[in-house]
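Input: a single structure, listed below in structure tokens.
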Amino acid sequence: LYAGRAISGHPRYRAISLELSTAQLDANLARVWHRGVAIALFSTTLGATLAVIVSRSVTKPLRTITEATRRIAEGHLDEYVAVPPDNDCAALANAFNAMTRKLRDSVTERDRVEAALRESKERYALAVKGANDGLWDWNLKTSQVYFSPRWKEMLGYAEESLEESPHEWFDRVHPDDLDILKSAIAAHLQGQTHHLKVEYRMQHQAGHYLWMLSRGVVVRDEKDAPYRMSGSQTDITLQKKTESQLFHAAFHDTLTGLPNRAMLLKRLETFLRRSHNTPDYMFAVLFLDFDRFKVVNDSLGHNVGDQLLVEIAQRLQQSLRRSDMVARLGGDEFIMLLEGIYDLASITDLAERIQQKLKTPFSIHGHDIVSTASIGIVVCDSAYKHAEEVLRDADICMYRAKESGRAQYIVFHPDMHTGTLDRLKSENDLRDALKREEFTLNYQPIVKLATGEFVGFEALIRWHHPEKGWVSPGEFIPLAEETGLIVPIGAWTLDRACIQVRQWNLSFSKDTPFSISVNLSTNQIAQPDLIHQIRQTLEHSQLSASQLKIEITESVIMENLDVACSKLQALRDMGIQIYIDDFGTGYSSLGYLQKLPVDVLKIDRSFVKNIGVDVGSEEIIRAIVMLADGLGKTVIAEGIETVDQQQWLSRLGCQYAQGYLFSRPLDSGNAETFISQLFDPHSTDSPYADILDQLLPKHP
């Protein structure tokens, strides 16, 4: 096509001139047809391609989602559909993924809950099994009770052997406890308690009873009516037994099984209330303390001491009526509580029977032990207000009995309070006497009767009280022994005497040293380290063991024969001589004298003073001298005050003597003067100048 030129000359219109060639037209039409065919083919191909692309972009994600859905259905909850974000199915895939995520979370939470539930069930099952409890579930409407296998097993029954009936429960409860159980259940059903908790006894299939603890709670309907109650049952038999033992231990002595102080005070308070309500009602308290019990503990050991207490308790119980009670306060102190007393004679008769029972020796671990008791008696009436007041007065009496020589009984009198306060003050003063250096030593010479030769001193302790002045040894020595203060006092005496005699021997008598005699008490002999103490004293004072003489009384030896003999033999092995002081005043010593490791027997002054007056005393002295001579032992006579006594003893064969005839006990200053005159070769004055002519043998 060709555009022609516009028709000129016309103002409004333009003209187009077309010149058409047929060949050209055919050629152009052919080109157009070919282009059309090409365009059609291209369009078809493009459409097909686009169709394929679109199909794949839609169907593949759908197939992926479908496959993921199948796998999720099979339990693979971790499936995830990955689709490019520009894909048309992206929204569907995201929705699918969100759905699967929620499904996973839901399943995970369900699994967690189920696992927690299983764990809770297992924990509950383990807790029930561990608690060893039986379970019960009571349907109150049908009156059926489920009893768990463990509930039945507790009572010795098989799982299928009991019916689901309340009678299976209640018929086995102890008759004394049945009302308690029923009342507790009724109170809980009525809403009076928040939960059921009750203890009772149930009979085992074997016939014995077990203590059970039942806990439970009631379930109520919308009308607040109970229709079900469930709970557990626990075997608390062992717990009850333990509680009983603890209760018994709280009110009984663990060693002897007797009531202890707590139980005694309760019983005493009951008796006191009864006496206040009943004017004629009276009861009595006996306070017993066993003499020298500490010696047994210290010498034979606490095992022997404990066994002795057990056997003492048994003998005391045998002496009582069924209504009476014996209790142990502690140590070797016992209390006997007698009810319904109408006269003092019946009480004193009992005290005497107790003393007689105790005279029979206790045979313990191969040792025969004789024990005596000091007894304080208080007859109680409405005048007493508190139990402690009764024990206080009984304790006062007991100490008075002990001061009276032991193995005694004394009935309380109100005037004893004053004496007790005085005694307490004396005890406190005695404790301070060593610190204040109030003790001194006196020295009484010992001489040979045949020649008048001075051989040594006996050391005697004296106490000068800052207010009372000189206190008699007969007053403070028993108190020191009773309180145990005799041990430090005795150690001080031994040390001071050894040092003093060592100094005198160095100063006056190096060639023929004289000896020193020191008394040992029961408590000192009982000290486990006695031998070590004496050895240290000798080393400290540098005194020879041969110059030390140990004096001990018969009673000290006989109270603990085996221990005393062992320690005395150890002292003899060191070179120390052993004296038996106050010989003849003790008990049973003649039968053991041959076995005792002693060197010297000292005749007590109570026999010497009766020479020429009492034939019996003279015969005792004669027997002692003959016995000592037969056993190869030496004899010293104490308390010689007259020449007649000296001459009689000399003729009898007594070797040594001491007494006022020769010299009173001398303080250290006078004793030193005595020694200096005795051993001074230039001195013409003898300490015995006025009696030597009578003492020494006469020359023709």
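Brief remarks follow.
- The one condition in (1) within 40 Å of the chain's Cα centre (by Cα); (2) at pLDDT below 90; (3) within 26 Å of Ile603 (Cα to Cα); (4) surrounded by fewer than 22 Cβ atoms within 10 Å (Cβ to Cβ) that Thr553 fails to fulfil: (4)
- Yes/no for Val54 being out of contact with any strand residue (DSSP E or B) (no Cβ under 8 Å at 6 or more places or on another chain), modelled with pLDDT of 70 or more, open to solvent by 80 Å² or more (accessible area, probe 1.4 Å) and in a helix (DSSP H, G or I): no
- Just so you know, in the stretch 648-672 the residues that are assigned to a helix (DSSP H, G or I) and out of contact with any helix residue (DSSP H, G or I) (no Cβ under 9 Å at 6 or more places or on another chain) include one that is least open to solvent (accessible area, probe 1.4 Å), and it is Gly669.
- Counting the residues of the stretch 592-610 that are buried (at least 22 other Cβ atoms within 10 Å of the Cβ) and over 50 Å from the mean Cα position of the chain (by Cα) gives 2.
- Of the helices (runs of 4 or more DSSP H) lying entirely inside the stretch 248-335, those containing at least 2 residues that are hydroxyl-bearing (Ser, Thr, Tyr) and either closer than 20 Å to Tyr384 by Cβ or in contact with a helix residue (DSSP H, G or I) (Cβ under 7 Å, 6 or more places away or on another chain) (or both) are 261-277.
- Any chance Ser509 is touching a residue at least 60 places away in the same chain (Cβ under 8 Å), open to solvent by less than 50 Å² (accessible area, probe 1.4 Å) and of a type in the set (Gly, Ala, Ser): yes
- The stretch 207-243, residues that are open to solvent by 70 Å² or more (accessible area, probe 1.4 Å) and within 37 Å of the chain's Cα centre (by Cα): His208, Tyr209, Trp211, Arg215, Leu238, Gln239, Lys241, Glu243
- Within the stretch 625-638, one or more residues are of a type outside the set (Lys, Arg) and part of a loop (DSSP other than H, G, I, E, B).
- Criterion violated by Ala450 - all others in (1) at pLDDT 85 or above; (2) more than 30 Å from Ile335 (Cβ to Cβ) satisfied: (1)
- Of Val455, Val447, all but one fail to be among the β-branched types (Val, Ile, Thr), touching a Phe, Trp or Tyr at 6+ places or on another chain (Cβ under 8 Å), open to solvent by 20 Å² or more (accessible area, probe 1.4 Å) and farther than 28 Å from Asp432 by Cα; the exception is Val455.
- Neighbours by Cβ (under 6 Å, 6+ apart or cross-chain): first from the stretch 398-410, among the hydrophobic types (A, V, I, L, M, F, W, C); second open to solvent by 50 Å² or more (accessible area, probe 1.4 Å) and in a helix (DSSP H, G or I): Ile410/Arg400
- Sole residue being acidic (Asp, Glu) and either out of contact with any Pro (no Cβ under 8 Å at 6 or more places or on another chain) or outside any strand (DSSP E or B) (or both), chosen from Asp429, Asp368: Asp429
- Selection status of Gly366, over 24 Å from Phe476 (Cα atoms) and either surrounded by fewer than 21 Cβ atoms within 10 Å (Cβ to Cβ) or free of Cβ contacts under 8 Å to residues at least 60 places away in the same chain (or both): yes
- For the stretch 440-460, the set of residues classified as among the hydrophobic types (A, V, I, L, M, F, W, C) and either farther than 27 Å from Tyr656 by Cβ or not in a strand (DSSP E or B) (or both) consists of Leu449, Ala450, listed by residue number.
- Some residue of the stretch 512-526 being open to solvent by less than 10 Å² (accessible area, probe 1.4 Å), more than 30 Å from Gln655 (Cβ to Cβ) and among the aliphatic types (A, V, I, L, M): yes
- Residue among Ser374, Ser382 that is among the polar types (S, T, N, Q), touching a residue at least 12 places away in the same chain (Cβ under 8 Å), touching a helix residue (DSSP H, G or I) at 6+ places or on another chain (Cβ under 9 Å) and surrounded by fewer than 19 Cβ atoms within 10 Å (Cβ to Cβ): Ser382
- The lone criterion from (1) open to solvent by less than 10 Å² (accessible area, probe 1.4 Å); (2) under 26 Å from Phe439 (Cβ atoms); (3) part of a loop (DSSP other than H, G, I, E, B) left unmet by Ile580 is number (3).
The values are calculated or read from the model by the stated rules, or taken from the named source; none is laboratory data. Keep in mind the model is a prediction, meaning the values are calculated, not measured. Every residue, glycine as well, gets a Cβ built from its backbone with ideal geometry; the counts of neighbours run over all protein chains shown. The protein model used for the area step is the full one, side chains on, heavy atoms only, and it has no ligands, DNA or RNA in it. Shrake-Rupley method; radii C 1.70, N 1.55, O 1.52, S 1.80 Å.
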